[in-house]
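Notes for the one structure printed next.
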Amino acid sequence: MQLLEIEKIIPYARNPRKNQDIDKVASSIKEYGFQQPLVLDKDNIIIVGHTRFSAAKKLGLKKIPCLIADKLTNAQVKAYRIADNRVAEESKWDNELLNLELIELQKDNIDLENLGFESAELEKIFANDDPLFVAPQQAETQETPQEIEDFIPSQVRMIQLFLNSESEPKFKEMINSLQDRYNTDNLTDTVYKAIENENNNSTK
């Protein structure tokens, strides 16, 4: 790791990743600091971090933290550059657990706009299409909701009633473990599978 002058850093001319949201990244850096270094090759050409580099320039930073990956071959550098972007595209959110995190951040007066979500994305995150868990207050469509709580699915509200700062991390760890076991990607399906499995075992 080293703090490198921004003029010495060279963007990769054939960087295949486009649609970089520089403004959002700049806002994140301004709010939280430069917590994730760029990765450069031995010639100071960017392998990973083009958007962070552009955001740093927009903010007028003179030096930024960098990791020099001088042990990688040219082929590995090219592969790593593509793989890093591609793997990020595969990420998925567990909306129910994300809900809990966002709600807590809002209570701590954290500006959710700094997280990179658009208003429409937040609406989608908090939307719940499962009729088994639609709360009465969700039955009517609201054109201009004022609070995140307007979108909270009823199963998330239920979890909030029973979890505290000590039990919530344990709950999340348990859910993650069950999701791996049952190959599910949301809280509702995971709980259903766990109950179904328990019921099958009890009837044997």
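Label separation (LYS18 vs VAL87): 2.6 nm, computed from points 7 Å beyond Cα along the C-beta direction. In terms of packing, defined here as the mean over residues of other Cβ atoms within 10 angstrom, the peptides 36-46, 76-86 line up highest first as 36-46, 76-86.
Largest first, what is the accessible-area ranking of VAL48, VAL87 with a 1.4 Å probe? Intermediate values should be presented prior to the final figure.
Working: VAL48 15, VAL87 100 Å².
Highest to lowest solvent-accessible surface, that is VAL87, VAL48.
Remark: segment 56-65, residue by residue, has Karplus-estimated 3J(HN,Hα) of 5, 5, 5, 7, x, 6, 8, 9, 9, x Hz, where x stands for each Gly or Pro and the curve is 6.51 cos²θ - 1.76 cosθ + 1.60 at θ = phi - 60°. Fully extending the segment from LYS58 to ASP108 would add 15.1 nm, taking 0.36 nm per residue of separation and subtracting the current Cα-Cα distance. For ARG14, what is the net charge nearby, where nearby means another residue's Cβ is under 11 Å from its Cβ and Lys, Arg count +1, Asp, Glu -1? Result for the neighbourhood of ARG14: +3. Among 177-190, 106-119, the peptide with the highest mean count of other Cβ atoms within 10 Å heads the list, and the full ranking is 177-190, 106-119. Between their Cα atoms, which of LYS8/LYS78; LYS30/LYS172; LYS63/LYS172; LYS124/LYS193 are more than 32 Å away from each other? Over 32 Å apart, Cα to Cα: LYS63/LYS172. Taking all protein chains as they are arranged and a probe of 1.4 Å, the heavy atoms of TYR192 leave approximately 140 Å² accessible to solvent.
The values are calculated or read from the model by the stated rules, or taken from the named source; none is laboratory data. Note that the structure is predicted; figures quoted are calculated from it, not measured. Positions of Cβ are generated from backbone atoms using ideal geometry, with glycine treated the same way; all protein chains shown enter the neighbour counts. With ligands, DNA and RNA removed, areas are computed over all heavy atoms of the protein, side chains included. Shrake-Rupley method; radii C 1.70, N 1.55, O 1.52, S 1.80 Å.
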